[in-house]
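Presented below is the structure to which this report refers.
The values are calculated or read from the model by the stated rules, or taken from the named source; none is laboratory data. Note that the coordinates shown come from a computational prediction; the quantities given were computed from them, not determined experimentally. Don't worry about glycine lacking a Cβ; one is built from the backbone with ideal geometry, like all the others, and counts go over all protein chains shown.
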Amino acid sequence: MRGIAIALLGPPEIVDAMMRVVRAFPSLQPIAVPFERREDAERAIASVIGEVEVILVAGTEPVRKGEGFAAKPAVPVHYLPPSGAGLYRALLRLRHRGIAGPFSVDTLSRTAVERTFRELDLSGAGEAKAGAGARDAGTGGGAGTGEAIVFDGPVYASTEELVRFHEGLYREGRTAAALTGVKAAAERLEALGIPAEWVAPLDQDITVALERALLSTETRRVKEAQIVVGLIHVDEFDRIAASRPSEHDVQRLKLDIHRTLLDYVESLDGYLTHLGSSEYLFFTTRGAFERGTGGYKSVPVAREARHRLNVTLSIGIGFGQTANEAGTHARMALGHAKAAGGNSCFIVREDRTLIGPLAMADPVEYDLSLTDKHLLEKAEAAGMTRTYIARLMNWAARRGRLEYNVQELAEALGITVRSTHRLLLDWTDAGLIEVAGMEKVGRGRPRQRFRLAFLADRIKDN
């Protein structure tokens, strides 16, 4: 398996969310292992232990402590805990339903609940009470609007126990709604007529957990010091220079560009040199580059160059086992960036798989790595060259959608509509493109819309 294999374990609904978020981590190759019950944890771990470098577990505190394992796993195990951010969202949903409290809460610690209520400035939220007939966890503040009664039973309670806890308090008139970390409990409570919200981890919580898991792997530590080669091309520099009123203005622009790129490479602890004309070469380490791009998501220098200097950049990044290999891949990646129309960045990895385009402004929220060798071979056999792939990926990334008419696709590919029609026939036969439907154009004949099916797992339609 290519990349760093990671097992994602937990309740099915959280595993689904983790599988969605992990698409933004091209270095990770996820294996989904959903399970419902604590006793299934050890079996789930055993099923993947020899295939992965790291494990991320959600929703089960005992698993984090190793209580679900007969023996300590030989790979790092990380835990995705419930967080105050998820509680914020659940409280907001209850507010939208016109429910202001008091609340019963499970899964989260009393400290986390108190901190969340205090940060939200909810009245009576200074302290939370312990529930389930257990010891008093605080003085409480009466049944104020912001009061929370926190479940103080077993750490890994069954759904039935949680439902009894919330239902008992609600029937006694002590709470107005339930906040639970178990989706099944929330559904059962709603069926009983008790307002409830599921406190699920947010995408940002999952992202942080995945980043920690990635940093703990042996492969990641080995690659930290790997040399990365980058090539930067200033798009249409000759045309821009020709528009300047004097040679002094051209020289000032060159100095500004050099200074901007120098500052950026310095932030990567790298080395920059000017190759002449409008091209620059830089070296850095893989760890520094990954941190500087937020995990291969965005290139901040491109935004500064465009807004401050009014120039765009084409950037190619190469990874390799040797400097020579990395340099060759950087040249290939720069070719993809230019073929995509400029103002884009691509990465070619050791196995010549492609990541990109990276966002040239704010980070993207989807994975645009095209790393499936079988898919690449299938695309090229159908006449979808790497240049066409790069252009379509860049076009879709900037627009955040997958469906286009033939005129739009012709513009993206830089060819005639007639040639695009011919290519679409081959690509549709190969299953790379799908006919998505028809659209009306004034009084003319309806025209077909096509969906970029080969990118369906990487871009979520707006």
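General observations
- Restricting Leu214, Leu210, Leu179 to residues that are within 30 Å of Glu160 (Cβ to Cβ), of a type outside the set (Gly, Ala, Ser) and surrounded by 21 or more Cβ atoms within 10 Å (Cβ to Cβ) narrows the list to Leu179.
- Taking the numbered list (1) among the hydrophobic types (A, V, I, L, M, F, W, C); (2) modelled with pLDDT under 80; (3) surrounded by 19 or more Cβ atoms within 10 Å (Cβ to Cβ) in turn, Ala74 passes all entries but (3).
- Selection within the range 222-247 - in a strand (DSSP E or B) and either aliphatic (A, V, I, L, M) or outside the structural domain of Thr312 (by TED's automatic domain parsing) (or both): Ile227, Val228, Val229, Leu231, Ile232, Val234
- Of the helices (runs of 4 or more DSSP H) that lie entirely inside the range 379-455, those containing 3 or more residues that are modelled with pLDDT of 85 or more and touching a Ser or Thr at 6+ places or on another chain (Cβ under 6 Å) span 406-413.
- The conditions of being in contact (Cβ under 8 Å) with a residue 60 or more places away in the chain and surrounded by fewer than 20 Cβ atoms within 10 Å (Cβ to Cβ) are not met by Gly431.
- All of Pro12, Pro102, Pro81 fail the test of being at pLDDT 75 or above and either in contact with a Lys or Arg (Cβ under 6 Å, 6 or more places away or on another chain) or crowded, with 17+ Cβ neighbours inside 10 Å (or both), apart from Pro102.
- If you go through the range 284-299 and pick out every residue that is hydrophobic (A, V, I, L, M, F, W, C) and crowded, with 19+ Cβ neighbours inside 10 Å, you end up with 2.
- For the range 152-176, filtered to residues that are touching a helix residue (DSSP H, G or I) at 6+ places or on another chain (Cβ under 8 Å) and polar (S, T, N, Q), the residue that is surrounded by the fewest Cβ atoms within 10 Å (Cβ to Cβ) is Thr159.
- Residue that is surrounded by the most Cβ atoms within 10 Å (Cβ to Cβ) [pool: residues in the range 402-419 that are closer than 16 Å to Gly341 by Cβ and aliphatic (A, V, I, L, M)]: Leu409
- For Thr260, the criteria (1) surrounded by 15 or more Cβ atoms within 10 Å (Cβ to Cβ); (2) assigned to a loop (DSSP other than H, G, I, E, B) hold in every case but one, which is (2).
- Residue in the range 50-57 that is acidic (Asp, Glu), at pLDDT below 75 and in the same structural domain as Leu214 (by TED's automatic domain parsing) present: no
- Filtered residue count, the range 308-324, keeping only those that are in contact with an Asp or Glu (Cβ under 7 Å, 6 or more places away or on another chain) and more than 21 Å from Ile240 (Cα to Cα): 3
- Top-ranked residue in the range 319-341 [being outside any helix (DSSP H, G or I) and surrounded by fewer than 17 Cβ atoms within 10 Å (Cβ to Cβ); ranked as nearest to the chain's Cα centre (by Cα)]: Gln321
- Some residue of the range 300-317 being surrounded by fewer than 20 Cβ atoms within 10 Å (Cβ to Cβ), in contact with a strand residue (DSSP E or B) (Cβ under 7 Å, 6 or more places away or on another chain), closer than 28 Å to Arg212 by Cα and in contact (Cβ under 8 Å) with a residue 24 or more places away in the chain: no
- Candidates Leu189, Leu179, filtered to the one that is under 18 Å from Thr116 (Cα atoms), among the hydrophobic types (A, V, I, L, M, F, W, C), touching a helix residue (DSSP H, G or I) at 6+ places or on another chain (Cβ under 8 Å) and touching a residue at least 24 places away in the same chain (Cβ under 8 Å): Leu179
- The test for being crowded, with 18+ Cβ neighbours inside 10 Å and in the same structural domain as His233 (by TED's automatic domain parsing) does not hold for Val250.
- Filter result (closer than 16 Å to Arg93 by Cβ and surrounded by fewer than 17 Cβ atoms within 10 Å (Cβ to Cβ)) within the range 182-201: Glu187, Glu190
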